[in-house]
Amino acid sequence: MEQQYIGIIISSQLYRELDRGKHPEILAFYEEGGNINNLIPVYLRLEDLLPGEPEITGYVMNSNGVYLKNTIPKPLVIHNRGYHCTKDAKKQIKLLLAEGLIIFNEWNQYGKYKTHKLLMECVDIRPHLPETVRFNLGNMVEMMGKHSELIIKPSNGTFGKRNMRATRLNDTECLLTYPQNDLWLEEMLPLEQLPLKIKSLVTSGMFIIQERIQLAEYNNNPFDVRVTVQRNGFGEWQVTGMVGKVAKTGHFVTNVASGGASVVFEDILRNLPHLNERQVVADVERLSLRVAKQLGDQTANFADIGLDVGITMDGFPMFIECNARDLRLAFRNALMFETWRETYITPICYGKYLLTKRNGQ
């Protein structure tokens with residue numbers, strides 16, 4: 001059988017590494033996925049996919065294991081792993097789709113507030129959602145009256161680096177924790193001054209206010225779970241892996257990019273003997289699949305996501321946010337190499353499924 005190409009839009013950083021003759025480690029997983037599915041991965045950037053042009057130029061591994069630039073016919077199926085957030089990029093992707101190309105995860109920048117609204121439409125998911133509203137002064141006052149602790153964060157992700165926490169200490173005072181110049185500052189404020197203080201820190205973009213989930217703790221630090229959910233070689237959603245993310249001592253943000261540590265989820269649960277490990281894992285998986293299906297039913301070509309799921313003190317899973325460009329580093333950092341590998345191979349299997357379906361086989 002003649003091999004076909006599968007396009008993989010990679011980050012500018014990875015592309016520069018290929019330009020410098022390097023072999024990024026994760027590309028070996030894509031190559032393995034290609035071998036399994038009789039597909040040839042071609043690595044490119046969105047700007048290499050010009051609407052109306054029959055060919056593209058991208059990096060392909062040759063028989064000696066070296067990546068070289070090749071000009072080939074446009075791949076019919078493309079996995080988007082790049083980072084694009086402009087109107088021009090969205091317009092370009094729309095034109096490429098109109099040509100008949102299939103781009104899965106075609107757009108991977110979805111705001112947290114929009115995602116929350118989509119999930120609120122599902123009755124089964126609602127109990128797993130913390131109360132979430134857009135930031136404005138009125139909403140801030142209202143949420144302060146309803147919850148003792150709030151998280152204020154950008155609707156579009158910044159790896160937790162712009163998140164703030166507001167804790168009501170009593171009827172008149174609160175404690176605000178916020179980032180400044182790579183440091184976390186704590187400031188005591190009169191309760192009535194909190195909304196305006198936060199407004200002064202919200203310098204760009206939409207922010208949301210979210211009820212803070214009282215997370216279970218591992219070694220006295222809060223943790224949540226990164227769950228990679230992907231469509232597989234049968235076109236069905238599957239949970240490819242779960243890994244714990246533990247906040248740095250004294251911090252509330254679990255993101256690995258902000259100092260959080262990656263820990264095997266089952267190892268965390270074994271340190272929480274009051275929880276039923278098997279039940280918690282099953283509940284997290286059930287919620288994650290529901291979230292993926294709900295978002296996938298309402299979002300075109302949605303196929304590869306990373307969810308952050310919090311676990312309450314009594315083991316109940318709570319949805320925190322969805323990442324449509326799951327970086328997957330937490331698996332590597334937790335030494336879960338087989339799972340890390342599978343997170344890259346599974347999308348190639350899904351690409352094969354799409355090609356087979358497209359060809360009517």
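The values are calculated or read from the model by the stated rules, or taken from the named source; none is laboratory data. Bear in mind that the values here come from a model prediction, so they are computed numbers and not experimental data. All Cβ positions, even for glycine, are placed from backbone atoms using ideal geometry, and neighbour counts span all protein chains on display. Side chains included, ligands, DNA and RNA excluded: accessible areas come from the protein's heavy atoms. Shrake-Rupley method; radii C 1.70, N 1.55, O 1.52, S 1.80 Å.
Couple of notes before you dig in:
- Within the span defined as segment 305-318, every residue fails to be touching an Asp or Glu at 6+ places or on another chain (Cβ under 7 Å), closer than 24 Å to I103 by Cα and acidic (D, E).
- Note on segment 1-38: residues that are part of a strand (DSSP E or B) and surrounded by fewer than 22 Cβ atoms within 10 Å (Cβ to Cβ) amount to 1.
- The strands (runs of 3 or more DSSP E) found entirely in segment 40-122 that carry 2 or more residues being open to solvent by 50 Å² or more (accessible area, probe 1.4 Å) and at pLDDT 90 or above are 55-61, 67-73.
- Meets criteria (open to solvent by 50 Å² or more (accessible area, probe 1.4 Å), closer than 15 Å to R212 by Cβ and in contact with a Leu (Cβ under 8 Å, 6 or more places away or on another chain)) for L169: yes
- Residues in segment 178-228 that are out of contact with any strand residue (DSSP E or B) (no Cβ under 6 Å at 6 or more places or on another chain) and in a loop (DSSP other than H, G, I, E, B): 9 in all.
- Pairs, first among the small types (G, A, S) in segment 103-119, second crowded, with 18+ Cβ neighbours inside 10 Å, C-beta under 6 Å, six or more apart: G111/S155
- Qualifying residue in segment 207-218 (condition: out of contact with any Cys (no Cβ under 8 Å at 6 or more places or on another chain), open to solvent by 30 Å² or more (accessible area, probe 1.4 Å) and β-branched (V, I, T)): no
- Candidates V229, V239 - the one that is β-branched (V, I, T) and open to solvent by 20 Å² or more (accessible area, probe 1.4 Å): V239
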